[in-house]
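Here is the structure we will look at.
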Amino acid sequence: YDFIERLEAKDKYTVIAHLKEWNAEWPYYMGYGYYDGIQAPEQEKGPGGGAQWQNACGTGPFMIEEYKSGHSTTYMKNPNYWDSDVIDGQKYQLPLLDKAISMFIKDPSTQLSALRTGKLDMVMRLSDREMKELKKTTPELIWSKFLDINSSYIALRMDRKPFNDVRVRRAINMAIDRDKISNTFSGGETERVMVPFPPTAQNVYTPLEKLPPAAKELFTYNPEKAKKLLAEAGYPNGFSFKCTYGGGNSETIDFLSMIAAMLLDVGVTMEIDVMAYASALSKMTKKVHENGYLISATQGTPLAFIRKTFLTGQTWNASMISDPHIDKTWARLSSDSKLTPKQMDTELKKLGVYIIEQVPMLFLDGAYNYCARWPWVKNYYGELRVGAHRVSPIIARIWIDQELKKKMGY
């Protein structure tokens, strides 16, 4: 927020931000869902302060009725909600539901069982494997498909040996059989190029087939070329490094194990360092993390993703990349108020290709996820969020056909 000179409360309902300079990211910082929440002072003043869920207040369609740690949150209808919607020509006050319950179910098999038996009306995030299993056992479910909004990759510390050599980073990428990983974990349905921009960022995305040969080669399985590059870089017998994973998901560990096995084929030993997420994140933000670090990061805007991931000294720059061209280009794009949107997109697209060519990471495919719902869930068409993971405006428009639910035996 260093581009903001001061904030002025013009009146009860208006705040004016006086900027020191133009910053193309100002809508992201000041209007994106993570950052534009306004907390009432009463929430802080209540017993227990802001940490107590009983004090939560806002302008959303639901109010928290009950919170059970590790189990569920029950939301009741906000009778004073400001929004309405027109459905089939008739205007309705929102939300349409009297109550909504969000369940916390850590065990995947328990979650699938709850959905199969109608105890859950819908699940908004399922893997390819779970989708295929449910289609066999519960064909009545209705499905939606979406590309994961997170981009996963293994950051390679460019400020340390051996990853300070681009040949080593190229070799690591070329040692990976991405088709095999995709077929094993995602049914072959993945997107190859996700960083720095995914296919959903259409104006700045460059598909694999349009990348320059040197960049395109990074996504091509070629273990013999990988061995040659390692030898040229001074590692004919390979080397060892640790890759930290902050979490405990067994499928992710299996995923990393497959990558480790492929790297071993070219003489590189990758030790999987599993830590609690908070501990791993703390090491990364303090820049004392291992040479490899698995990240799953939300994209945000193209400018924002480049800033947090690839600019010198940024918190989420786990690759420790420090590239004058990236730094200068980003600074120019974010501060030039005369750039048209088309010019901005053209520049960002070029910068995205340049970043791929620097190979700051082991690039990983982007997976598709699936949303499943029963036919009695009405007025829902696969929407997932309205900015920054916010789902309540979508849930507010859903209603449950109780007669159909009973007719189907639930």
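The values are calculated or read from the model by the stated rules, or taken from the named source; none is laboratory data. What you see is a predicted model, and the numbers here were worked out from it, not measured in a lab. Ideal geometry is used to build each Cβ from the backbone, glycine not excepted, and the neighbour counts take in all protein chains shown. Side chains are part of the model used for accessible areas, which takes the heavy atoms of the whole protein and leaves out ligands, DNA and RNA. Shrake-Rupley method; radii C 1.70, N 1.55, O 1.52, S 1.80 Å.
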Computed [θ] at 222 nm, deg cm²/dmol, the chain (DSSP H ≥ 4; -39,500 (n - 2.57); rounded to nearest 500)
-9500 deg cm²/dmol
With every protein chain present, what accessible area does residue 127 have (1.4 Å probe, heavy atoms only), rounded to the nearest 10 Å²?
30 Å²
For segment 158-269, take every pair of Cα atoms, bin their distances at 5 Å starting from 0, and report each bin as a whole percent.
2, 11, 18, 20, 21, 17, 9, 2, 0
Amide H of residue 4: which non-local residues (sequence gap of 5 or more, or other chain) have their own amide H closer than 5 Å, using H built in the peptide plane?
20
May I ask you to give the solvent-accessible area per residue for segment 1-57, in square angstrom, as obtained with a 1.4 angstrom probe?
77 Å²
Calculate how steeply helix 250-264 sits against the longest principal axis of the alpha-carbon atoms of the chain, using the helix alpha-carbon long axis, and give the answer as 0 to 90 degrees to the nearest 10.
10 degrees
Suppose a student asked you for the relative contact order of segment 215-316, using Cα pairs under 8 Å spaced at least 6 residues apart; what percent would you report?
29 percent
What accessible area, in Å² to the nearest ten, does a 1.4 Å probe give for residue 26?
100 Å²
With +1 on each Lys and Arg Cβ and -1 on each Asp and Glu Cβ, and nothing else charged, work out how big the dipole of the chain is about its Cα centre, in Debye to the nearest 20.
220 debye
Label-point separation in nm, residue 200 to residue 64, each point 7 Å along Cα→Cβ:
2.6 nm
Can you tell me the 0 to 90 degree angle between the C-alpha axis of helix 128-137 and the longest principal axis of the chain, rounded to 10?
50 degrees
In order over segment 314-320: 3J(HN,Hα) from phi, Karplus 6.51/-1.76/1.60, θ = phi - 60°, whole Hz, x for each Gly or Pro, gives 6, 4, 8, 7, 6, 6, 6
Roughly how many Å² of residue 71 are accessible to a 1.4 Å probe, to the nearest 10?
80 Å²
I'd like the Karplus ³J(HN,Hα) series for segment 175-188: coefficients 6.51, -1.76, 1.60, θ = phi - 60°, whole numbers in Hz, and an x wherever there's a Gly or Pro.
7, 9, 8, 5, 5, 5, 5, 4, 5, 6, 9, 9, x, x
I need the per residue convex hull volume for segment 225-272, using only the alpha carbons, in cubic angstrom as a whole number.
63 Å³
Per principal axis, largest first, the Cα atoms of segment 14-171 extend in Å by 61, 58, 42
What distance in nm lies between label points placed 7 Å from Cα along the C-beta direction at residue 103 and residue 260?
3.4 nm
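With all protein chains present and a 1.4 Å probe, how do 73, 59 order by accessible area, largest first? Display every interim value, and only then the final one.
Values: 73 10, 59 105 Å².
Putting 73, 59 in descending order of accessible area: 59, 73.
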Give the accessible surface of segment 213-288 per residue, rounded to a whole number of Å², with probe radius 1.4 Å and ligands, DNA and RNA excluded.
51 Å²
Roughly how far apart, in whole Å, are the Cα centres of segment 135-150 and segment 298-313?
30 Å
Built amide H within the under 5 Å cut-off of residue 299, gap 5+
151
If one computes P(r) from the Cα atoms of the chain, what percent of pairs lie at distances over 33 Å?
45 percent
On the accessible surface of the chain, probed at 1.4 Å with all protein chains in place, carbon and sulfur together account for a percent value of 52 percent
Residue among 165, 365, 83 with the largest mean-square fluctuation in a Gaussian network model of the chain, springs linking Cα atoms under 10 Å:
83
The chain: relative contact order as a whole-number percent, Cα under 8 Å and 6+ apart
24 percent
For residue 183 and residue 237, calculate 0.36 nm times their separation in residues minus their Cα-Cα distance, and state this gained length in nm to one decimal.
16.5 nm
Given a 1.4 angstrom probe, what's the average accessible area per residue across segment 323-410, in square angstrom?
49 Å²
All other residues with a Cβ under 9 Å from the Cβ of residue 310 taken together, and with Lys, Arg as +1 and Asp, Glu as -1, what is their net charge?
0
